[in-house]
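**Student:** Dropping the structure in here first, questions after.
The values are calculated or read from the model by the stated rules, or taken from the named source; none is laboratory data. Since the structure is predicted, the reported quantities are computational estimates derived from the model, not experimental observations. When we count neighbours, we look across all protein chains shown, and the Cβ atoms used for this are built from the backbone with ideal geometry, even at glycine. SASA here: full protein model, heavy atoms, side chains in, ligands and nucleic acids out. Shrake-Rupley method; radii C 1.70, N 1.55, O 1.52, S 1.80 Å.
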Amino acid sequence: MAIDRETLRYLGWWLAFGVLMCLLPFVVGTGTLRILIFAHFLAMFAMSWDFLSGRTGYISFGHPFLIGIAGYTTAILSFRFGVPIYFSIPAAVVATLVGGTLFFLPALRIRGTYFALVTLAFMEILYQLTKVVAPKITGGTRGISGLESIVTGAVNNYYLSFGIMFVIGVVLWLLIRTRLGVALSAIRMNEEAVRSTGHSTTKLKLFAFSVSAAVSGIGGAFYVHYIGSIAPRGMFEINFLFTILVAALLGGAETIIGPIMGAYFLTVLLEYLRPVMPGMERYLLYGGIALVLYVVRPEGIYSIIADAGRKVQEWRR
């Protein structure tokens, strides 16, 4: 991919964003850093969903299925069998790719609502399996707790989670600007037209899914080691899926940058609503806010900021 002027300009913004976030621990407290750590993981999951569903139009409701494969793989290997986490985490990513492909590849041949329902079914299947199959290994309904931490302290975990999220964001953003990214967008608009040009839409969709699964695996493996536990109810809860979808759509689907914005917005909103609304009602409120914003501006937060930037440039001229 040739690095054009626009790409260089955006890379400059990526760099500025990275520098700003690296300086943040010097001016905010540990409580804020812990909130942002969760935002980083949500951003990874939202970007993963966006690369598959935002680009191709194949709406997946099964991303917790992929995240769960990674989380349970590294948890079982490290906690039950004593495998060092620098081996269990890569193994978790591979397991996500293999296991996810075996389940999702047949589903890639169907479209629309049927694809969404099949992916949702996969999530429910794994949810039930983790509760009843080999509970001495999976922990059953209680899950597994006491997982080893990768690093300790809010600052260290902040830099680790941000570094992973930042690298994933830049790589995915560069990928969507290649010919592959354009081809994936073309599938969303008219899959039959793409197929008529001689391109294998199955291979393109498999590529999108593989990248999406790899990102989910990385995020899921690091996530469970950060929180120190994994349980089926938390991993496969509908609110978890809902939050991932809303973060991607509210931030701006098809952009990679948008899901990062959406993840920060939702995480900060939910955490600062907690003292006022400690129960589930805060999800209703943030869902209402998300719905209103999505109706008013379907392109998401990213488009609002992009339009503001263009107006500033026009004003300067």
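**Student:** Just for helices (runs of 4 or more DSSP H) wholly inside region 55-133: which have at least 1 residues that are on the phi > 0 side of the Ramachandran plot and open to solvent by 20 Å² or more (accessible area, probe 1.4 Å)?
**Tutor:** Fully inside region 55-133 and qualifying: 112-132.
**Student:** Just one of (1) open to solvent by 40 Å² or more (accessible area, probe 1.4 Å); (2) hydrophobic (A, V, I, L, M, F, W, C); (3) at pLDDT 95 or above trips up Ala46, so point out which.
**Tutor:** (1)
**Student:** Taking region 5-36 only, how many residues are closer than 23 Å to Leu270 by Cβ, part of a helix (DSSP H, G or I) and β-branched (Val, Ile, Thr)?
**Tutor:** 3
**Student:** Restricting attention to region 222-239, report how many residues are hydrophobic (A, V, I, L, M, F, W, C), out of contact with any strand residue (DSSP E or B) (no Cβ under 6 Å at 6 or more places or on another chain) and either surrounded by fewer than 21 Cβ atoms within 10 Å (Cβ to Cβ) or under 16 Å from Gly140 (Cα atoms) (or both).
**Tutor:** Residues that pass the stated criteria total 5.
**Student:** Could you list, in sequence order, all residues of region 285-300 that are within 18 Å of Ile260 (Cβ to Cβ) and either open to solvent by 30 Å² or more (accessible area, probe 1.4 Å) or charged (D, E, K, R) (or both)?
**Tutor:** Those that are within 18 Å of Ile260 (Cβ to Cβ) and either open to solvent by 30 Å² or more (accessible area, probe 1.4 Å) or charged (D, E, K, R) (or both): Leu293, Tyr294, Arg297, Glu299.
**Student:** Any residue in region 178-201 that's free of Cβ contacts under 8 Å to residues at least 60 places away in the same chain: show its pairings with residues that are open to solvent by 80 Å² or more (accessible area, probe 1.4 Å) at Cβ separation under 7 Å, as long as the two are six or more apart or on different chains.
**Tutor:** Pairs that qualify, where the first residue is free of Cβ contacts under 8 Å to residues at least 60 places away in the same chain and the partner is open to solvent by 80 Å² or more (accessible area, probe 1.4 Å), are Ala183/His199; Thr201/Arg195.
**Student:** Out of (1) in contact (Cβ under 8 Å) with a residue 40 or more places away in the chain; (2) closer than 22 Å to Phe166 by Cβ; (3) part of a helix (DSSP H, G or I), the odd one out for Phe265 is which?
**Tutor:** Phe265 satisfies all of (1) in contact (Cβ under 8 Å) with a residue 40 or more places away in the chain; (2) closer than 22 Å to Phe166 by Cβ; (3) part of a helix (DSSP H, G or I) except (1).
**Student:** Any idea which of (1) of a type outside the set (Lys, Arg); (2) surrounded by fewer than 22 Cβ atoms within 10 Å (Cβ to Cβ); (3) closer than 27 Å to Leu184 by Cα is the one Leu269 doesn't satisfy?
**Tutor:** Answer for Leu269: the failing condition is (3).
**Student:** What tally of residues in region 240-254 results from selecting those that are in a helix (DSSP H, G or I) and either among the hydrophobic types (A, V, I, L, M, F, W, C) or surrounded by fewer than 23 Cβ atoms within 10 Å (Cβ to Cβ) (or both)?
**Tutor:** Summing the residues that are in a helix (DSSP H, G or I) and either among the hydrophobic types (A, V, I, L, M, F, W, C) or surrounded by fewer than 23 Cβ atoms within 10 Å (Cβ to Cβ) (or both) in region 240-254 gives 10.
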